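Reading through the structure tokens given below for one structure.
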Amino acid sequence: MTNMDKNIGIYIHIPFCKGKCAYCNFYSLPGRDKQMPDYLEALVTHIKESESQLAEYYADTVYFGGGTPLCFGADRLVKVFDALKKYGRVLMNGEVTVEVNPESTTYEDLVKLRRAGFNRLSIGAQSANDDILKTIGRRHNFSQVTRTVKKARDAGFENISLDLIYGLPSQSMDDWSDTLRKILALKPEHLSCYGLKLEEGTPLYSYRNSIIMPDDDTQADMYLYTVDTLEQAGYRQYEISNFSKPGFESKHYLKYWQGKEYMGFGPAAHSYVGGRRYGYISDLNTYINNILNGGPVVDQYEDISRTEMASEYIMLGMRTTRGISPEEYKRISSYGFERGLELLESYRDEGWAVEENGRWRFTPAGFLLSNVLIGQLLDAQMKRRVELGTPWRKDEYATDYYYGIIDSQVDHAQLFNGI
């Protein structure tokens, strides 16, 4: 197979927003409207300069994330997508997603986007409780979520995802149950339900020791309730935080979790192409200036070894309900999975993992412990490699290194719209 036969995902980062939410630590910039024309020029220039690389692939998924992409303007989004279609090979039946927020989405904008070929919306709903929305710095109320979904349907969108967060300040199980009930009444095709992660440096971090924060047990109960409720409503869980009606899994998200190739554009965007991972500078001004004047924009770059690919196969695969196969692992790594298999069998005894048709995956209870359990799997396999006489990295460094990749991959896969 040549690269010409391969598919790739494209991620376009739009860093502009109206204001930072209280939990947001992603690269997003309020109050930068004057830079939007220059950023449009820089993005189109970057895409044009990447024409030879883009020509080696078919783009079957495109994802516009942020920030709040519609702050950039529907017309500018269409121009960026037109450039991608001009200089790349975007498949007509590809999945083309744009993130939107309820308070800034008009019917006219949605019509423009749909006519241009955007066919999937990711709406940042977060909660159905207006008081909680205010607490976390959101600028919409739930009635705007309802209206946005209706406008999207009227504009012709048949694939709508809603983002939700549980474990929010003052949120009770009854609040969360009410949110799920109201969201399900909107009949979205896809739901992303994230547990709140308090990030240092964000306003919400000051709540970390507050009595109004749901404790770990309550957040775990919320998660298990979510899995059960959505399953009964016909939504299949396919990743720790993601659920969909059959056939509506996010094809773009799956590229991250299945270790497939993707290419990013924009400051703070990441790419994984040809066995290499690289990321662009997280600075809008420098990105614009260097793209337009021929300067460097890559600030992270690494070749991924076969050993790292095997470890990422475990780390990312065990986030999904498809799980992993010892045989697939052997093909990637060229050495056995005996130690990992022993651990998975012990997890099964604890009710944390199951095996079906040669594939292992976590149960909902296992997903709650997934960071710890995945770390144990990685350590077990690394120690086995050392025993075989092929030492690679010291234990503590390997664990820290892979948890770092977990965090970056998950953040990028969740695409900056909600947590």
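The values are calculated or read from the model by the stated rules, or taken from the named source; none is laboratory data. Keep in mind that what you see is a predicted model, and the values were worked out from it rather than measured. Because the Cβ atoms are built from the backbone with ideal geometry, glycine has one as well, and the counts that use them run over all protein chains shown.
As a summary of the residue check, ASP221 satisfies the conditions (1) assigned by TED's automatic domain parsing to the domain that holds THR135; (2) touching a residue at least 60 places away in the same chain (Cβ under 8 Å); (3) in contact with a helix residue (DSSP H, G or I) (Cβ under 7 Å, 6 or more places away or on another chain) except for the one numbered (2).
For the stretch 219-250, name all the residues that are among the β-branched types (Val, Ile, Thr) and in contact with a Ser or Thr (Cβ under 8 Å, 6 or more places away or on another chain). Once the filter is applied, which keeps residues that are among the β-branched types (Val, Ile, Thr) and in contact with a Ser or Thr (Cβ under 8 Å, 6 or more places away or on another chain), the stretch 219-250 yields THR229, ILE240. Applying the condition of being over 12 Å from LEU164 (Cα atoms) and out of contact with any strand residue (DSSP E or B) (no Cβ under 8 Å at 6 or more places or on another chain) to the stretch 121-131 and asking which residue is surrounded by the most Cβ atoms within 10 Å (Cβ to Cβ) yields ASP130.
Going through (1) without any contact (Cβ under 8 Å) to a residue 12 or more places away in the chain; (2) assigned to a helix (DSSP H, G or I) one by one, LYS187 falls short only on (2). Give the residue, chosen from GLU249, GLU239, GLU261, that is surrounded by fewer than 23 Cβ atoms within 10 Å (Cβ to Cβ), under 22 Å from VAL98 (Cβ atoms) and within 12 Å of the chain's Cα centre (by Cα). That would be GLU239, the only listed residue that is surrounded by fewer than 23 Cβ atoms within 10 Å (Cβ to Cβ), under 22 Å from VAL98 (Cβ atoms) and within 12 Å of the chain's Cα centre (by Cα). For LEU113, indicate whether it is within 22 Å of the chain's Cα centre (by Cα) and under 19 Å from LYS251 (Cβ atoms). Yes: the conditions hold for LEU113.
Sort out which residues of the stretch 254-270 are of a type in the set (Ser, Thr, Tyr) and modelled with pLDDT of 95 or more, and write them in order of number. Outline the logic, then answer.
Taking the stretch 254-270 as the starting set, the residues that turn out to be of a type in the set (Ser, Thr, Tyr) are 256, 262.
Passing the criteria: only TYR262.
Just name the residue that is farthest from GLU199 (Cα to Cα) out of those in the stretch 135-178 that are out of contact with any Lys or Arg (no Cβ under 9 Å at 6 or more places or on another chain) and part of a strand (DSSP E or B). Among those residues, the one meeting the criterion is LEU162. Counting only residues that are among the charged types (D, E, K, R) and in contact (Cβ under 8 Å) with a residue 60 or more places away in the chain, the stretch 51-68 holds 1 of them. Among strands (runs of 3 or more DSSP E) entirely within the stretch 225-289, having at least 1 residues that are touching a His at 6+ places or on another chain (Cβ under 6 Å) singles out 242-244, 262-265, 270-273, 276-280.
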